[in-house]
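Note sheet for the following structure.
The values are calculated or read from the model by the stated rules, or taken from the named source; none is laboratory data. No experiment lies behind these values; they were computed from the predicted model shown. All Cβ positions, even for glycine, are placed from backbone atoms using ideal geometry, and neighbour counts span all protein chains on display. For the accessible areas, the whole protein counts, side chains as well, though only heavy atoms, and no ligand, DNA or RNA atoms are used. Shrake-Rupley method; radii C 1.70, N 1.55, O 1.52, S 1.80 Å.
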Amino acid sequence: MKLTNLFATAAFGLALAAGVSAPAQAQATLNIGVVSDYVSRGVSQTNEGGALQGGVELGLGRGVYFNVWGSTVDFGNGTDTEVDVGAGWRPEWMGLTFDIGAIAYRYFGQPDDANLGYYELKLAAAKDLGFATVGAAVYWSPNYSGADSLEATYYEGNISVPLASLMKNLSASGAYGHQGFQGGANEYNTWNVGLTYRPIKWLELDARYHDTDEHGLGDNYGDRFVGGAKLVFNF
């Protein structure tokens, strides 16, 4: 079954399933922060340099959301800004929280002959076990990297564990993913593990180790420690 059909089937099935519930109230979340390296799926997007980042998400009620997020980038070709626009639905069913949505990636400052923009469909699920939250996600794009129009799929499993017994508002988390491409060229696995701490309600600090199994693809695929600080405001 093609992934487009998988997304459609999942969304339709969840909508019909008995017991589906989602928050009805509308809300907004604003965040702005800085990181020592913008790493996406194990790969540096800033040529191993720092980045300014920020975004806003609007919860429209019944689990429906819309968000915009941006970051500085450095691909070595003049491209300097990434802006992601996303929308989706987060229903709850049988103790699982789902996230079904789409994301459009756009880049600014790129050369005239470049076409880096692309879009992805997303299907994710998470389960709160009390002592930890575990999740899985799949992202599918028919035109990953734009210019090459490659079909691509990214799979990820992740876990987050609260460490309140050691320190209030401290948690450990990690993820393992696989980025695949049409034809199998330049595929790689990636993983990360780190700590997140909220010393106060609106400040989030994160320290994380990233790596991939394809260092031969370039320095941006190498292992690295990344630190970040983010202000988060809920309205």
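Listing for the model above:
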{"item": "Efficiency of FRET from Cβ geometry, LEU96 and ALA229, R₀ 41 Å, rounded to 0.05", "result": "0.85"}
{"item": "Choice from TRP202, TRP140, TRP69 showing the highest fluctuation, given a GNM over the chain with Cα pairs closer than 10 Å", "result": "TRP202"}
{"item": "GNM result for the chain, Cα springs below 10 Å: residue of SER44, SER165, SER36 fluctuating most strongly", "result": "SER165"}
{"item": "Share antiparallel - DSSP beta bridges, the range 158-235, percent rounded to 5", "result": "100 percent"}
{"item": "CD proxy at 222 nm, helix term only [per DSSP H run n ≥ 4: -39500 (n - 2.57); per residue of the chain; nearest 500]", "result": "-2000 deg cm²/dmol"}
{"item": "TYR188 long-range amide H proximity, modeled H, under 5 Å", "result": "GLN179"}
{"item": "Label point distance in nm, VAL56-ALA164, each placed 7 Å from Cα along Cα→Cβ", "result": "3.3 nm"}
{"item": "Where N is the number of residues in the range 92-235, Cα Rg divided by 2.2 N^0.38 Å", "result": "1.21"}
{"item": "Neighbourhood charge, 12 Å Cβ-Cβ cut-off, centred on VAL193 and excluding it, Lys, Arg +1 and Asp, Glu -1", "result": "-2"}
{"item": "Accessible surface, the chain, averaged per residue in Å² (probe 1.4 Å)", "result": "54 Å²"}
{"item": "Highest-first arrangement of 130-136, 37-43, where packing means the average Cβ count within 10 Å", "result": "37-43, 130-136"}
{"item": "Percent accessible area from carbon and sulfur atoms, the chain, protein chains only, probe 1.4 Å", "result": "60 percent"}
{"item": "Estimated FRET transfer efficiency (ALA185, ALA207; beta-carbon r; R0 35 Å; 0.05)", "result": "0.60"}
{"item": "Phi to ³J(HN,Hα) by Karplus 6.51 cos²θ - 1.76 cosθ + 1.60 over the range 197-211, Hz, x for Gly, Pro", "result": "9, 10, x, 9, 3, 9, 10, 10, 10, 9, 10, 8, 9, 10, 7"}
